[in-house]
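Beneath this line is the structure, given in C-alpha cells, with notes to follow.
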C-alpha cells in the first residue's frame, strides 16, 4: 500500500509563498494498493492534479471515498479529469444522510449558480454508494467507515491489507466527546478507525490556544491529535488539515510541539505535506 | 479488521454519554440491545454504586434490583416501564412509580425514556432520565 498526499490544507486552499513547503491544496490522499486498485480519499483541490496523473497512468477505475461533504473535501471533484472521461468508472462512497441521498447532495455542487454542467451530463460511469455499516472489501483492501465527531454526517476510514493498516481522520474533534485519555477505545470517536494502525492521518488544525477559541468547530488541537493517537495505539501520526492561517514556519512549530507532547526522539509525529509518499509493507 | 478489534460505539451513544456526564440529573444510556452501557454521577447517588463498579449489563437486570412498582405497590412489568417502551416500542414514555433505593427506602420517582435514532431506520439505543422529586 502506498499513500500519496495531494492536498493536506484545511478549510480553504492557500496557495502562495508562505505555504510552499507543505502546500495549499485541500484534502486529497491517494491510496495505491498492490493489486493496482486506486482509492482516493476526499476531493479537495488536491484531486485536480491527481486526476491528470491518474489518466496519464491509464487508470480506468477509481474509488473515491468522501469523509463528508464540506466544501474543502468536495470542491475539487468538478475538476477531477477522470470524471470527464467516458472510459472511466468512478465509484463514490460517502456518509449517509437522514435526508438526501449522496448523489442528491453532491448534485448541488454540479448545478447553477455554482457550476454550469449538471452531474447527469458527466461522461464517466459514476455510481454512488452510502458507506456500509460493516467492513467491506475493495480490491485487496478491507475498509471500515465509522461516524466520527465533526459537524454533519462525517466518517473516518480505515484501510487495511494483510500486511498494513492506515487510518484517515482528516476532520475530527474527538475531545468534544470527552477527555480522550480517560476512555476505553470503544468509547473514543474514531477508536476503531485508528486502533493500532501503522499510520494515522489526523486533524491537527490548531495550537492549543487557538483551539480554545474554536471548540465545537469540528477540528483538533495538536495536543488532542497526539493524545488521540496515543490512546488508540496508532504507531505513526501524520498531522493533517493544516490551518489556512498557518505559514510553513508556524506549521513547523506545530510539528515541534507535537513531538514534544509525544515525548519521542524520532521523526514522528510529522507534518503531512503535498507530494509526500508513504510506503507501507 | 483484525480479530478482536473492538468496534467504536455508535457516535450518537458517545455524544449522548458526554451530554449525560455533564448533567446533574440522573441519566442512563442503553444500547440497541438494551444493555446498560453508562450512567452518570448523578445516577450513582440514586443507585449507590458507580458505573465502573457495575459494568455493562442488561438494563432491565439492573433496574429490576430496585423493584419497580406502581404507585399502588403492584409490580410494574417491563412492558409498562418507560425503559421497556422506549426499547421495544421505540417511542418516548414517561411514568411515575415506586422503587426501593439502595438505602432500603421506598421512593417515588418519575422516569422518562426515549429512543435514539441515528437514521429513521437505525435505532442505536435509549436514554433514561430519573426525575427526583
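Take residue A:213 and decide whether it is out of contact with any helix residue (DSSP H, G or I) (no Cβ under 7 Å at 6 or more places or on another chain) and under 24 Å from residue A:6 (Cβ atoms).
no
Quick test for you: out of A:61, A:57, pick the one residue that is free of Cβ contacts under 8 Å to residues at least 12 places away in the same chain, out of contact with any helix residue (DSSP H, G or I) (no Cβ under 8 Å at 6 or more places or on another chain) and away from every other protein chain (no Cβ under 14 Å).
A:57
Every residue in the range A:135-152 that is within 9 Å of chain B (Cβ to nearest Cβ) and either within 30 Å of residue A:86 (Cβ to Cβ) or touching a strand residue (DSSP E or B) at 6+ places or on another chain (Cβ under 8 Å) (or both), please.
Residues satisfying the conditions are A:135, A:142, A:144, A:146, A:147, A:148.
Please work out which residue is modelled with the lowest pLDDT, limiting yourself to the range A:267-281 and to residues that are under 15 Å from residue A:254 (Cβ atoms) and in contact with a helix residue (DSSP H, G or I) (Cβ under 8 Å, 6 or more places away or on another chain).
Among those that are under 15 Å from residue A:254 (Cβ atoms) and in contact with a helix residue (DSSP H, G or I) (Cβ under 8 Å, 6 or more places away or on another chain), it is A:268.
Going by the conditions given, is residue B:16 at pLDDT 90 or above, away from chain A (no Cβ under 14 Å) and not in a strand (DSSP E or B)?
No.
Residue B:49 versus (1) touching a strand residue (DSSP E or B) at 6+ places or on another chain (Cβ under 9 Å); (2) in contact (Cβ under 8 Å) with a residue 24 or more places away in the chain: which is the lone unmet condition?
Going through the list (1) touching a strand residue (DSSP E or B) at 6+ places or on another chain (Cβ under 9 Å); (2) in contact (Cβ under 8 Å) with a residue 24 or more places away in the chain, residue B:49 breaks only (1).
Among the residues of the range A:83-100 satisfying the criterion of being assigned to a loop (DSSP other than H, G, I, E, B) and either in contact (Cβ under 8 Å) with a residue 40 or more places away in the chain or within 14 Å of another protein chain (Cβ to nearest Cβ) (or both), which is surrounded by the most Cβ atoms within 10 Å (Cβ to Cβ)?
Per the criteria, the residue is A:95.
Anything in the range A:155-171 that is buried (at least 24 other Cβ atoms within 10 Å of the Cβ) and in a loop (DSSP other than H, G, I, E, B)? List them, or say none.
A:170, A:171
Please work out which residue is surrounded by the fewest Cβ atoms within 10 Å (Cβ to Cβ), limiting yourself to the range A:185-207 and to residues that are free of Cβ contacts under 8 Å to residues at least 40 places away in the same chain and under 14 Å from residue A:239 (Cα atoms).
So the residue we want is A:206.
Applying the selection to the range A:192-208, what residues are away from chain B (no Cβ under 14 Å) and outside any helix (DSSP H, G or I)?
A:199, A:200, A:201, A:202, A:203, A:204, A:205, A:206, A:207
Just the residues that are assigned to a strand (DSSP E or B) and more than 12 Å from every other protein chain (Cβ to nearest Cβ), please, taken from the range A:113-134.
Answer for the range A:113-134, where residues must be assigned to a strand (DSSP E or B) and more than 12 Å from every other protein chain (Cβ to nearest Cβ): A:125, A:126, A:127, A:128, A:129.
Tally up the residues in the range A:172-191 that are more than 8 Å from chain B (Cβ to nearest Cβ), farther than 16 Å from residue A:204 by Cα and in a helix (DSSP H, G or I), please.
Summing the residues that are more than 8 Å from chain B (Cβ to nearest Cβ), farther than 16 Å from residue A:204 by Cα and in a helix (DSSP H, G or I) in the range A:172-191 gives 2.
Among the residues of the range B:22-50, write down those that are closer than 19 Å to residue A:179 by Cβ, surrounded by 13 or more Cβ atoms within 10 Å (Cβ to Cβ) and modelled with pLDDT under 90.
Result: B:44, single match.
So, residue A:221, is that one within 14 Å of chain B (Cβ to nearest Cβ), in contact with a helix residue (DSSP H, G or I) (Cβ under 8 Å, 6 or more places away or on another chain), buried (at least 24 other Cβ atoms within 10 Å of the Cβ) and in contact (Cβ under 8 Å) with a residue 40 or more places away in the chain or not?
no
Can we say residue A:77 is modelled with pLDDT of 95 or more, touching a helix residue (DSSP H, G or I) at 6+ places or on another chain (Cβ under 8 Å) and within 22 Å of residue A:9 (Cβ to Cβ)?
When the stated conditions are applied, residue A:77 passes them.
Which members of the range A:153-163 meet the condition of being touching a residue at least 24 places away in the same chain (Cβ under 8 Å) and out of contact with any strand residue (DSSP E or B) (no Cβ under 8 Å at 6 or more places or on another chain)?
Once the filter is applied, which keeps residues that are touching a residue at least 24 places away in the same chain (Cβ under 8 Å) and out of contact with any strand residue (DSSP E or B) (no Cβ under 8 Å at 6 or more places or on another chain), the range A:153-163 yields only A:163.
If we only count strands (runs of 3 or more DSSP E) wholly inside the range A:1-70, which ones have 3 or more residues that are over 20 Å from residue A:126 (Cβ atoms)?
Hits in the range A:1-70: A:2-7.
The values are calculated or read from the model by the stated rules, or taken from the named source; none is laboratory data. Keep in mind it's a predicted model, so treat the numbers as computed, not measured. All Cβ positions, glycine included, derive from the backbone under ideal geometry; neighbour counts span all protein chains shown.
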